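Some notes on the structure that comes next.
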Amino acid sequence: NSSANMPITKRRCSLAAVSLVIALSSTLSKTATGFAYAPNFITKIIEQSTGIAPVGLLDVTGGSGSLAVTDADADITTSSESSPSFVGPITTRFPPEPNGYLHLGHAKAVSFNFAVARAFSAGKGRCHMRLDDTNPTKEDEEYVKSILEDVRWIQRGCPPFDVDDSVDAVELSEEDRGPWYGPVRKTSDYFSLIYDAAIHLIERGEAFVDELTAEEMREYRGTLTEVGKESPWRNRNIEENLELFRGMRNGDYPEGKYVLRAKIDMSSPNLNMRDPVIYRIKHESHQATGDEWCIYPMYDFSHPIADAAEGVTHSLCTLEFEDHRPLYDWVAERVFDAGLVDRLPRQIEFSRLNLKYTVLSKR
């Protein structure tokens, strides 16, 4: 990534990433070639919930066997106890939005997701590469190419995961080739499934079309100390909601006129559960699907569905998504119960990387 023709923004991004890659790639990503790294609460949780032991980890137990899960770890494991029996293979994913170049935080996420998958080779561990392309306003094919190039670079020297099933054992295009498992995936690959999931929620009375303005919605949402207020359109009948949502899909309304919201609990202490928006209108061409769609799902709605659809078993993300986990589970459980997917993924959070005097993210 040292080409003189590279845009200055990307050159700076790539040069800054070198320091993290030196630190992380050698310790996290090389388990397949003989390096080892310390076990952590995520590998412990995966081992406990699947019965599959990781390989290539340092022995920090003094020969006493696997590390015990602490009380803090137990808080995280409880969410899996009501899940159906584990269905492998153990699968992680790296799902950046193609709306910018990768930064240092991404470099850690790449290394961590790939390394955890390789640590569970006994469980046919694999890591998917997925582009979370749900916002055509900010996405560009340039970012897609840059992201894939940088992931290949960060994972250089590591062999790709073996493709051993007929679904993914296809001839890959040049763009699809990389250290990840199978082809490059995109959230837009699942737009039809995500739309069907929204229809299902409406038919169950668990989603409604709202026409509050963005400002009114903020007002109605409440605060951390005050419960929210229900929208006046929260109790539309199912037939009207279906008609309006299909009209949104057909392009009958301008942007901002309507949104689709999940109907959960406006008094929840978790603001993410207060009837979140799950679909909005955007009359913009999409870099992958063109003009096929004019409504796009929100991240919190599309992410668990995409994870479930492609068989992700462990959705690893940073701690700022901890408060989003109840919504992740709420969505995943409903699409699973509807028979739209055949497995339930698990979200587990890990801490962000913090370095002094360094820009770590686009925010």
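The values are calculated or read from the model by the stated rules, or taken from the named source; none is laboratory data. For clarity, every value in this text was computed on a predicted model and none was experimentally measured. For neighbour counting, all protein chains shown are included, and Cβ atoms are generated from backbone atoms with ideal geometry for every residue, glycine included. These accessible areas exclude ligands, DNA and RNA; they are computed on the full protein's heavy atoms, side chains included. Shrake-Rupley method; radii C 1.70, N 1.55, O 1.52, S 1.80 Å.
Overview of results
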| read-out | value |
| --- | --- |
| Filtered residues of region 141-167 (kept if out of contact with any strand residue (DSSP E or B) (no Cβ under 9 Å at 6 or more places or on another chain) and modelled with pLDDT under 90) | 157, 158, 159, 160, 164, 165, 166, 167 |
| Subset tally (residues that are of a type in the set (Ser, Thr, Tyr) and open to solvent by 40 Å² or more (accessible area, probe 1.4 Å)) for region 174-207 | 1 |
| Residue selected from region 222-248 under the condition of a type outside the set (Phe, Trp, Tyr) and crowded, with 17+ Cβ neighbours inside 10 Å, by the criterion farthest from residue 194 (Cα to Cα) | 228 |
| Selection from region 322-363 of residues that are touching a Ser or Thr at 6+ places or on another chain (Cβ under 7 Å) and farther than 24 Å from residue 110 by Cα | none |
| Selected residue (criterion: surrounded by the fewest Cβ atoms within 10 Å (Cβ to Cβ)) from residues of region 249-269 that are outside any loop (DSSP other than H, G, I, E, B) and among the charged types (D, E, K, R) | 249 |
| Some residue of region 336-352 being over 17 Å from the mean Cα position of the chain (by Cα) and either aliphatic (A, V, I, L, M) or open to solvent by less than 40 Å² (accessible area, probe 1.4 Å) (or both) | yes |
| Enumerated strands (runs of 3 or more DSSP E) restricted to region 271-363, each holding at least 1 residues that are among the β-branched types (Val, Ile, Thr) and under 19 Å from residue 95 (Cα atoms) | 277-281, 314-318, 346-350 |
| Selection within region 267-320 - within 11 Å of the chain's Cα centre (by Cα) and closer than 17 Å to residue 194 by Cβ | 299, 300, 301, 302, 303, 304, 305, 306, 307, 308, 312, 315 |
| Filter result (open to solvent by less than 10 Å² (accessible area, probe 1.4 Å), closer than 19 Å to residue 98 by Cα and among the hydrophobic types (A, V, I, L, M, F, W, C)) within region 296-317 | 301, 305, 306, 316 |
| Where residue 359 falls short, out of the listed (1) within 14 Å of the chain's Cα centre (by Cα); (2) more than 20 Å from residue 184 (Cβ to Cβ); (3) not acidic (Asp, Glu) | (1) |
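Results for (1) in contact with a Pro (Cβ under 8 Å, 6 or more places away or on another chain); (2) part of a loop (DSSP other than H, G, I, E, B); (3) under 30 Å from residue 286 (Cα atoms), shown as yes or no for each residue.
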| residue | (1), (2), (3) |
| --- | --- |
| 153 | no, no, yes |
| 176 | yes, yes, yes |
| 183 | no, yes, yes |
| 190 | no, no, yes |
| 202 | no, no, yes |
| 220 | no, no, no |
| 228 | no, yes, no |
